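Down below is the structure, laid out as structure tokens.
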Amino acid sequence: MGKITGLERPQDVPAKVMLLYEAVAHLIAEDVDMNSISVATITEKAGIGKGTAYEYFDSKDDILVCAIIFYVQQLYEKVEGLLTSEVTFAGRMKLLLDEMEKGQGCDRCCSGTRYVHIITDRSGISRLVAQKMQEEPLRDYLPDAVCERILREGIARGEVREDLPMEYMICTLFSKFMAYLMCVNSVGSLKMYPEKVRPYLYRSILKELCVREGEEL
């Protein structure tokens, strides 16, 4: 097998590459700065030699970008699975807020909060990930693309307004999700309580984007 591109199907990822991906995931869970990490740190965590890593990747950045994209794909598939269980826009909003709240205090390697942060901030690695994810079919995994698909399906069912620009609705929906992620992950003096914030945030989504506000949370 040649160099890894990040476009491989999960079942086609070699076992040693999976060890590298898992090592990166654990380092992310430990809040290690991705921009200052070394290949040696990754391979030591993975339990393999540096030479093995270079058989599959040309650089540390390639390892990090491909690992992050791999877990973004896993997150995307999880979200897609949730969305197929509920067809209404209001119901989908509940499901997504539920999933965000489950991550409160969570240190799982594939925490959605961590990966959304990585692909939306402005750090060096994040820019490389964002650039790579503009390629097809990775473009579908970006948060704005997921929001757009949910909105368009809501419009098709007559639940979501058609009079607002799609760009505005995407921005509105994504910003409210990010606000809730900040809420469920707040600590210390900035601690917020999701159970107090969620009903208002949920209703604000429906009030602004829906033809009718719909059901109560």
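Assess whether residue 192 counts as being touching a residue at least 60 places away in the same chain (Cβ under 8 Å), surrounded by fewer than 17 Cβ atoms within 10 Å (Cβ to Cβ) and closer than 19 Å to residue 101 by Cα.
no
The rows are residues; the columns are (1) surrounded by 19 or more Cβ atoms within 10 Å (Cβ to Cβ); (2) of a type in the set (Phe, Trp, Tyr); (3) in contact (Cβ under 8 Å) with a residue 12 or more places away in the chain.
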position: 3; (1), (2), (3): no, no, yes
position: 17; (1), (2), (3): yes, no, yes
position: 27; (1), (2), (3): yes, no, yes
position: 34; (1), (2), (3): yes, no, yes
position: 40; (1), (2), (3): no, no, no
position: 49; (1), (2), (3): no, no, no
position: 62; (1), (2), (3): yes, no, yes
position: 66; (1), (2), (3): yes, no, yes
Name the single residue, out of those in the stretch 72-92 being acidic (Asp, Glu) and outside any loop (DSSP other than H, G, I, E, B), that is farthest from residue 7 (Cα to Cα).
80
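Yes or no, residue by residue, for (1) within 19 Å of residue 174 (Cβ to Cβ); (2) under 19 Å from the mean Cα position of the chain (by Cα); (3) not basic (Lys, Arg):
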position: 41; (1), (2), (3): no, no, yes
position: 55; (1), (2), (3): no, no, yes
position: 63; (1), (2), (3): no, yes, yes
position: 71; (1), (2), (3): no, yes, yes
position: 79; (1), (2), (3): yes, yes, yes
position: 92; (1), (2), (3): yes, yes, no
In the stretch 1-60, which residues are assigned to a loop (DSSP other than H, G, I, E, B), among the charged types (D, E, K, R) and modelled with pLDDT of 90 or more?
58
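The values are calculated or read from the model by the stated rules, or taken from the named source; none is laboratory data. Every value quoted in this text rests on a predicted model; they were computed, and no experiment measured them. With ideal geometry, Cβ positions are generated from the backbone for all residues, glycine too; neighbour counts draw on all protein chains shown.
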